[in-house]
Amino acid sequence: MLGNKIFPVNIIQGPLAGISSAPFRRLTWKYSQPAFSCTEMISCKTVIHQSKTLAERFIKKDSEEGPVSFQLAGSDPLELAEATKRVTDYGADLIDLNCGCPVKKIRNKGAGSRLLTESTKLYKLISAMKQNTHLPVSIKIRVEGNSNEKFKSEIAKIVSEAGTDFLIVHGRHWSEHYETPCRHDEIQFFVEQLKIPVIGNGDIACLQSLMTMFATGCAGVMIGRAGVGQPWLIGKLMAEMNQQEFSIPSVSSRGLIFMEHVLELTKLLGNEKFSVLQARKFAKYYARGLQNRMEFCSAVNSCSALEDLKAICLHYFR
């Protein structure tokens, strides 16, 4: 149970910049039905100041997807309060505050991972969210790692006092890259310190890594990059946990799923060229295990029209 909501499973598809708009989430629900999926990180200013049409990429929900957590980014309690009200009205099922983004321009605005060392501000932000929605509220954080930043005890205190419904912990410091292994011991610290559910995030891509994360005692897990290009992954992991058989889609089917993703993205953005450009970012993930993978990615990177992209998929996914 997360806040006032109960979910039948405890695996979540996390937020991914440039990826987790409605078409991606719709495919994840179609093939896996996770507890919920997350939007891309959305700036409070985008929610408040952009027209709903311009913000469609971030806030649109598909009628064929499951529950969605809207992830907000901001550092001003008044703006966050207003953005929280608006995404509640837009149909969010849960709302998350990003406290882990490592990008310099986000940190320079006092948002993302910068909030981890500003506990007073973080308390005000969480309180602003809680006061302006009836939905479950979470924050997604990073850990201390080997840094000189010592914030985990303070974060645990703030999370409890501010009334956060659950906490999502990515097991790396904001300065660390994906080559650094996930720090499961720091996720376990929050599990042991808090009475609310803790969701573990980091390096989950197979049954063994999933069970390693659950060994921290976390109430649920969040899949990140591993879900890109294989929207069936969460379904596969759930089947394997229950010792059930699971058949992944054939090579040709994976090509069709990739094209479905791009076509739905074109409908969302209303711009064929931009959707094809977006597809370049995630084509390599759909091409996992594909013969001539690099050749396929190169062909996609030189493509600018949907018809050409379809021809490329038919050629390589067979």
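The values are calculated or read from the model by the stated rules, or taken from the named source; none is laboratory data. None of the values given here were measured: they were computed from a predicted structure. All Cβ positions, even for glycine, are placed from backbone atoms using ideal geometry, and neighbour counts span all protein chains on display. Side chains included, ligands, DNA and RNA excluded: accessible areas come from the protein's heavy atoms. Shrake-Rupley method; radii C 1.70, N 1.55, O 1.52, S 1.80 Å.
Quick notes on this structure:
- Single unsatisfied condition, PHE282 versus (1) open to solvent by less than 80 Å² (accessible area, probe 1.4 Å); (2) in contact (Cβ under 8 Å) with a residue 60 or more places away in the chain; (3) out of contact with any His (no Cβ under 8 Å at 6 or more places or on another chain): (3)
- Exactly one residue out of THR266, THR180, THR216 is assigned to a helix (DSSP H, G or I) and either more than 19 Å from the chain's Cα centre (by Cα) or of a type outside the set (Phe, Trp, Tyr) (or both): that is THR266.
- Candidate set from region 175-196 (those that are touching a residue at least 40 places away in the same chain (Cβ under 8 Å) and touching a Gly at 6+ places or on another chain (Cβ under 7 Å)); member that is surrounded by the fewest Cβ atoms within 10 Å (Cβ to Cβ): GLU186
- Single residue of VAL47, VAL143, VAL87 found to be in contact with a Lys or Arg (Cβ under 6 Å, 6 or more places away or on another chain), assigned to a helix (DSSP H, G or I) and under 28 Å from ILE11 (Cα atoms): VAL47
- Count of residues meeting criterion [open to solvent by 80 Å² or more (accessible area, probe 1.4 Å), under 23 Å from TYR31 (Cβ atoms) and basic (Lys, Arg)] in region 244-279: 1
- Residue selected from region 285-296 under the condition open to solvent by less than 20 Å² (accessible area, probe 1.4 Å) and assigned to a helix (DSSP H, G or I), by the criterion farthest from VAL251 (Cα to Cα): PHE296
- SER75 vs. criteria buried (at least 24 other Cβ atoms within 10 Å of the Cβ) and among the hydroxyl-bearing types (Ser, Thr, Tyr): no
- Among residues that are open to solvent by 40 Å² or more (accessible area, probe 1.4 Å) and more than 17 Å from the chain's Cα centre (by Cα), LYS60 is not included.
- Boolean, ARG172 is basic (Lys, Arg), open to solvent by less than 10 Å² (accessible area, probe 1.4 Å), free of Cβ contacts under 8 Å to residues at least 60 places away in the same chain and touching a Lys or Arg at 6+ places or on another chain (Cβ under 7 Å): yes
- For region 219-253, the set of residues classified as small (Gly, Ala, Ser) and over 18 Å from the mean Cα position of the chain (by Cα) consists of ALA239, SER247, SER250, SER252, SER253, listed by residue number.
Each row is one residue, and each column tells you yes or no for (1) at pLDDT below 95; (2) more than 21 Å from LEU194 (Cβ to Cβ).
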{"residue": "ASN98", "(1), (2)": "no, no"}
{"residue": "SER119", "(1), (2)": "yes, no"}
{"residue": "LYS130", "(1), (2)": "no, no"}
{"residue": "ILE141", "(1), (2)": "no, no"}
{"residue": "PHE166", "(1), (2)": "no, no"}
{"residue": "HIS177", "(1), (2)": "yes, yes"}
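- Top-ranked residue in region 206-240 [being among the small types (Gly, Ala, Ser) and closer than 22 Å to MET1 by Cα; ranked as surrounded by the fewest Cβ atoms within 10 Å (Cβ to Cβ)]: ALA215
- Test: residue in region 14-21 that is hydrophobic (A, V, I, L, M, F, W, C), under 17 Å from the mean Cα position of the chain (by Cα) and surrounded by fewer than 18 Cβ atoms within 10 Å (Cβ to Cβ): yes
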